[in-house]
Amino acid sequence: MRYEPEKSSHQQRRRFVQVLCVYFFSCVLGAVLSGPKSQLILLIAALAMCGIFWLVFSKQKINLAVNCFLWLTTFLISALITINNTVYDPLVICYALVLMYAALFSSRLIFIGLLVFISLYCTGLLLLILWGFWPEPTPQVRFVSVVAMNIFIAITGFTAWYIARDFHSLLRELWNENNQSKRSQQEIKRIAALDPLTGLYNRKHTELEFHKLAASENKLAVAFIDLDNFKPINDAYGHAYGDIALKILAERLTALLEDGELCCRFGGDEFVLILKYAEPEKCKTRYQVFLDQIAEEMQIELRTFKISASIGVAHYPAHAADFNELCRLADLAMYHSKASGRNTAVLYCPEWQDEHRKKLEMIQALRFAVENNELFLHYQPKYNLASLKINGVEALVRWQSKDFGLISPATFIPLAEETGLIDDIGLFVLKQACADCKDWIAQGYEMPVSVNLSAAQLSSGMLPDNVLTILTETGLAAHYLELEITESMLMQDQNAIDSQISTLSDQGISFAIDDFGTGYSNLHYLSRFKAATLKIDQSFIKNLSKSSQHYNLVEGIVVLAKTLGLTTVAEGVEDQNTLHILSTMDCDSVQGYLLSRPVSLDALYAQLQEKSVG
Ligand code: C2E
Ligand code: CA
Ligand code: CA
């Protein structure tokens with residue numbers, strides 16, 4: 001864009017109209033006060049002025065109106081000085097104003113035209129006086145007056161011209177600078193509002209846009225999209241691949257939006273859609289379209305892959321009016337979508353709020369559970385299948401909360417893992433189990449204790465140090481401690497986990513693979529990892545007598561374990577029939593409600609007195 005002074009701005013137009021008005025009323029006033037000749041001239045000028053008003057208001061031709069005005073004013077001054085004192089009339093000074101105005105607001109051509117006209121006209125008048133043709137009595141004129149007057153006009157004209165030129169160049173500079181700063185401001189605003197990778201609105205700007213939409217729409221839907229399997233793609237192919245995938249997804253999502261709807265990226269693999277509200281049934285089909293589009297095959301360079309997503313939806317204003325609260329609720333719904341099998345859309349349900357609050361309160365209470373001595377251990381014996389003598393016990397943690405009553409570890413262990421409290425709880429269990437084990441050995445019951453580990457306990461890399469310190473403190477020999485880990489734990493950062501397990505194995509601690517059969521299907525880790533025991537998951541044991549498939553599976557696991565030199569423990573034995581079937585399979589040990597539930601330490605001693613250890 002270029003600075004064009006000729007193009008009258010709104011402000012310029014207003015000024016011009018003000019000048020016109022002053023000029024018009026001066027003419028009318030002058031007509032009232034002056035003699036008949038001047039009166040006629042001034043009235044004609046006032047009439048012509050009406051024509052200029054017409055050009056401005058009806059035709060919007062400002063430039064033409066300015067030019068007409070300048071010429072009209074020049075003619076008017078010329079006429080008035082002619083009938084008055086010629087060039088000696090004080091009105092001559094008004095020529096300077098006309099030239100100034102022309103220099104500022106008109107074209108160069110008009111300016112030069114006016115200057116030449118004024119010069120010729122005044123020269124003409126002076127020459128008429130000089131040569132004695134002027135009828136009226138006038139002061140004496142010499143030829144030098146003609147020259148002096150033209151010098152005066154030239155000086156006035158050029159001064160006006162240069163002032164106007166400087167004024168214009170200053171204006172141009174200001175205008176350019178102003179434009180540049182406006183453009184930079186717009187660019188800064190644009191960059192601050194966008195996610196640099198996808199070009200979608202970021203969270204902060206989305207909030208602003210949401211408020212605008214909410215002001216015009218009665219109802220809206222906020223859909224929180226989280227990709228289900230994005231991290232493995234990032235990890236396997238690198239971040240550049242992940243970035244391309246995110247860009248493709250951003251385009252796909254945006255293409256499905258209707259007018260007035262928004263797609264934004266909140267960072268990572270999270271997208272948020274602000275959609276027009278629709279009845280839940282209609283919504284379902286719409287969200288399915290979004291899911292289908294996301295799940296469409298993607299080809300990046302020579303690789304083809306698929307990504308799925310989970311969507312959580314919250315409605316404005318039914319669920320909340322505040323944008324951040326809506327996002328939180330949609331996020332909560334998204335977690336429910338993930339929990340219900342992923343690749344689905346779930347609408348927020350207000351009842352979850354209570355669940356969520358309860359969960360937060362429980363986490364709060366769990367923080368103090370260890371210090372308040374609310375945690376304790378139960379022990380479930382394991383039995384030698386051949387002799388049915390106790391050959392070990394598994395420590396199972398319990399929480400007797402003063403606010404929530406007795407809570408199952410299946411409920412609070414995941415919370416502890418989520419919040420990092422598992423480190424403290426894990427240490428408590430290890431210490432207590434080792435101390436108790438040391439005691440029963442001291443009383444003549446020589447059997448090991450098994451302690452369950454969480455994945456989170458392996459993530460800090462501190463496990464070997466912690467375990468060895470506890471063994472030293474309690475004085476328990478390492479071979480009396482068995483640690484139970486699940487298959488999925490072994491699939492995490494293999495190097496870090498393998499080295500911790502090796503350190504502990506080298507010290508004489510043994511390992512059992514818990515819930516065997518439910519996790520990873522690739523059994524390669526069995527040869528890699530020095531486990532001593534496989535604990536066959538209760539889900540297979542429970543159906544052993546009813547399902548031939550499970551029978552074959554358990555039999556297979558026992559044979560596999562024997563081949564690898566591992567012992568087997570069947571978990572969850574609840575009836576005699578199952579116990580009998582297991583005894584035909586060469587399974588080593590059993591554990592389950594049939595023989596004993598998890599019991600307190602005192603109850604365990606009572607059992608130990610009844611059934612000898614072996
Ligand atoms: P798990 O390690 O598989 O423990 C066995 C669970 O099965 C125990 O539940 C036990 O009471 C139950 N059980 C044993 N025999 C039978 C049976 O015949 N029938 C049925 N239906 N259930 C039986 P519990 O004590 O509620 O523990 C649940 C889970 O919590 C444990 O599963 C374990 O994963 C976790 N857990 C318990 N204590 C700890 C702990 O100290 N640390 C960690 N990280 N996890 C623990
Ligand atoms: Ca276990
Ligand atoms: Ca188990």
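The values are calculated or read from the model by the stated rules, or taken from the named source; none is laboratory data. In this text, all values refer to a predicted model and were calculated from it rather than measured experimentally. Glycine also receives a Cβ, built like all others from the backbone with ideal geometry; neighbour counts cover every protein chain displayed. Side chains are part of the model used for accessible areas, which takes the heavy atoms of the whole protein and leaves out ligands, DNA and RNA. Shrake-Rupley method; radii C 1.70, N 1.55, O 1.52, S 1.80 Å.
The table below gives the values:
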read-out: Wholly within region 220-335, strands (runs of 3 or more DSSP E) carrying at least 1 residues that are farther than 20 Å from T198 by Cβ and modelled with pLDDT under 85; value: 303-305
read-out: Answer from I118, I93 - the residue that is of a type in the set (V, I, T), at negative phi and modelled with pLDDT of 90 or more; value: I118
read-out: Close pairs from region 110-137: first assigned by TED's automatic domain parsing to the domain that holds A164 and farther than 20 Å from L91 by Cβ, partner of a type in the set (S, T, Y) and at pLDDT below 95, Cβ under 9 Å, at least 6 apart; value: L130/S145
read-out: Cross-chain or 6+ apart pairs with Cβ under 7 Å, region 567-594 first and more than 13 Å from ligand 1 (Cβ to nearest atom), then aliphatic (A, V, I, L, M) and part of a loop (DSSP other than H, G, I, E, B); value: T567/A532; I581/L544; S583/L385; C587/L385; D588/L385
read-out: Positions within region 537-566 being more than 13 Å from ligand 1 (Cβ to nearest atom), surrounded by 14 or more Cβ atoms within 10 Å (Cβ to Cβ) and not in a loop (DSSP other than H, G, I, E, B), in sequence order; value: H550, Y551, L553, V554, E555, I557, V558, L560, A561, K562
read-out: Only one of G238, G312 that is closer than 12 Å to V222 by Cα, open to solvent by less than 60 Å² (accessible area, probe 1.4 Å) and in the same structural domain as A221 (by TED's automatic domain parsing); value: G312
read-out: All positions within region 220-235 that are open to solvent by 40 Å² or more (accessible area, probe 1.4 Å) and under 16 Å from L291 (Cα atoms); value: N229
read-out: Some residue of region 442-450 being within 16 Å of ligand 3 (Cβ to nearest atom), crowded, with 19+ Cβ neighbours inside 10 Å and not β-branched (V, I, T); value: yes
read-out: Some residue of region 539-546 being more than 16 Å from ligand 2 (Cβ to nearest atom), closer than 17 Å to E482 by Cβ and in the same structural domain as A435 (by TED's automatic domain parsing); value: no
read-out: Tally, over region 567-587, of residues that are open to solvent by 40 Å² or more (accessible area, probe 1.4 Å) and more than 16 Å from ligand 2 (Cβ to nearest atom); value: 8
read-out: Residue within region 461-479 that is within 16 Å of ligand 2 (Cβ to nearest atom) and without any contact (Cβ under 8 Å) to a residue 60 or more places away in the chain present; value: no
read-out: Tally, over region 502-513, of residues that are buried (at least 20 other Cβ atoms within 10 Å of the Cβ) and more than 14 Å from V451 (Cα to Cα); value: 0
read-out: Any strands (runs of 3 or more DSSP E) falling wholly within region 380-452 and containing at least 1 residues that are within 8 Å of ligand 1 (Cβ to nearest atom) and within 25 Å of L534 (Cβ to Cβ); value: 390-401, 449-452
read-out: Search result, residues across region 428-437 that are touching a helix residue (DSSP H, G or I) at 6+ places or on another chain (Cβ under 7 Å) and either on the phi > 0 side of the Ramachandran plot or crowded, with 18+ Cβ neighbours inside 10 Å (or both); value: L430, C434, D436, C437
read-out: Output for region 375-416, where each listed residue is touching a Gly at 6+ places or on another chain (Cβ under 8 Å) and more than 16 Å from ligand 2 (Cβ to nearest atom); value: N384, S387, K389, I390
read-out: Residue check for T198: polar (S, T, N, Q) and not in a helix (DSSP H, G or I); value: yes
read-out: Pick from region 342-371, criterion under 17 Å from D423 (Cα atoms) and in a loop (DSSP other than H, G, I, E, B), ranking: least open to solvent (accessible area, probe 1.4 Å); value: A369
read-out: Residue count for region 201-219, restricted to those that are outside any helix (DSSP H, G or I), surrounded by 21 or more Cβ atoms within 10 Å (Cβ to Cβ) and touching a Phe, Trp or Tyr at 6+ places or on another chain (Cβ under 8 Å); value: 0
read-out: Residue selected from region 378-397 under the condition away from ligand 3 (no atom under 16 Å from the Cβ) and touching a strand residue (DSSP E or B) at 6+ places or on another chain (Cβ under 9 Å), by the criterion nearest to S454 (Cα to Cα); value: N391
read-out: Which numbered condition F404 misses (of (1) modelled with pLDDT under 95; (2) surrounded by 14 or more Cβ atoms within 10 Å (Cβ to Cβ); (3) within 29 Å of N372 (Cβ to Cβ); (4) within 16 Å of ligand 3 (Cβ to nearest atom)); value: (4)
read-out: S460 being of a type in the set (S, T, Y) and within 45 Å of the chain's Cα centre (by Cα); value: yes
read-out: Enumerated helices (runs of 4 or more DSSP H) restricted to region 1-120, each holding at least 3 residues that are open to solvent by less than 20 Å² (accessible area, probe 1.4 Å) and closer than 30 Å to N176 by Cα; value: 62-83, 93-105
read-out: Output for region 588-602, where each listed residue is farther than 16 Å from S387 by Cα and open to solvent by 40 Å² or more (accessible area, probe 1.4 Å); value: Y593, R597, S600, L601, D602
read-out: Number of positions in region 37-75 that are among the aliphatic types (A, V, I, L, M) and free of Cβ contacts under 8 Å to residues at least 40 places away in the same chain; value: 13
read-out: Given (1) within 16 Å of ligand 2 (Cβ to nearest atom); (2) open to solvent by 50 Å² or more (accessible area, probe 1.4 Å), number of the condition A532 does not satisfy; value: (2)
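A quick yes/no check of all residues on (1) among the acidic types (D, E); (2) farther than 20 Å from A330 by Cα:
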| site | (1), (2) |
| --- | --- |
| R203 | no, no |
| E209 | yes, no |
| P232 | no, yes |
| I244 | no, yes |
| E261 | yes, no |
| C264 | no, no |
